[in-house]
Amino acid sequence: MKRILFFVLSVCMTGRISAQQKTAVPTWRFHSVINTGLLEGQTGSAFQIQSVNGMQYRSWFAGIGVGLDFYRYRTIPLFIDFRKEFGSSINKFFAYADGGVNFCWLTDQQKTTYLANDHFSTGFYTDLGLGYKIGLARNNHLLLSIGYSLKKLEENYLSYAYFPPDNTLNKAQTNYSLNRLTMKIGWQF
């Protein structure tokens, strides 16, 4: 009888009550995303690269990104990135939305093409798309995505009227609205 009582007490003292297990509390996590990709539009193909850093809470991610965009005119997009992941496995689909501004940074060849008085103003930038996240190792993921991107720029310049008697100098403006498809491959860590 003493043995049975001793056995029951030891089981009660060392056993766990499974109904009272602690669940993992969702935490904020810092992530970096490096993307490289191809832009395809009416004026041809171009290369892009981006770096996004931000915080993830559960399946939501928000961060700040910067990149280089070589489509038609070289620009530096500065943007806010939002992502939503779908599913609970290590491999999952995601949707993303980026919005921000473009800062024009003309190449040397582009600078010689335009007159000295040409000026490009900061323009709007957006990128929306869907992707697939593939788990490689702990906290390392391969990202594949496809989307639509819009890049707006404004060129201000002086135009000369060479018609007598009025050889005048007029201000002129050209607005560029560059629509493109984007295909990116990236690494999240």
Selected residue (criterion: farthest from THR122 (Cα to Cα)) from residues of the stretch 27-76 that are exposed (fewer than 14 other Cβ atoms within 10 Å of the Cβ) and of a type in the set (A, V, I, L, M): MET55
Cβ-Cβ under 6 Å pairs, at least 6 apart or on other chains, the stretch 59-78 side more than 16 Å from ILE49 (Cβ to Cβ), far side hydroxyl-bearing (Ser, Thr, Tyr): ARG72/THR43
The lone exception for TYR71 - which of (1) in a strand (DSSP E or B); (2) at pLDDT below 95; (3) touching a Lys or Arg at 6+ places or on another chain (Cβ under 7 Å) it fails: (1)
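The values are calculated or read from the model by the stated rules, or taken from the named source; none is laboratory data. Values in this document were obtained by computation on a predicted structure and should not be read as measured data. Quick reminder, even Gly has a Cβ in these numbers, built from the backbone with ideal geometry, and neighbours come from all protein chains shown.
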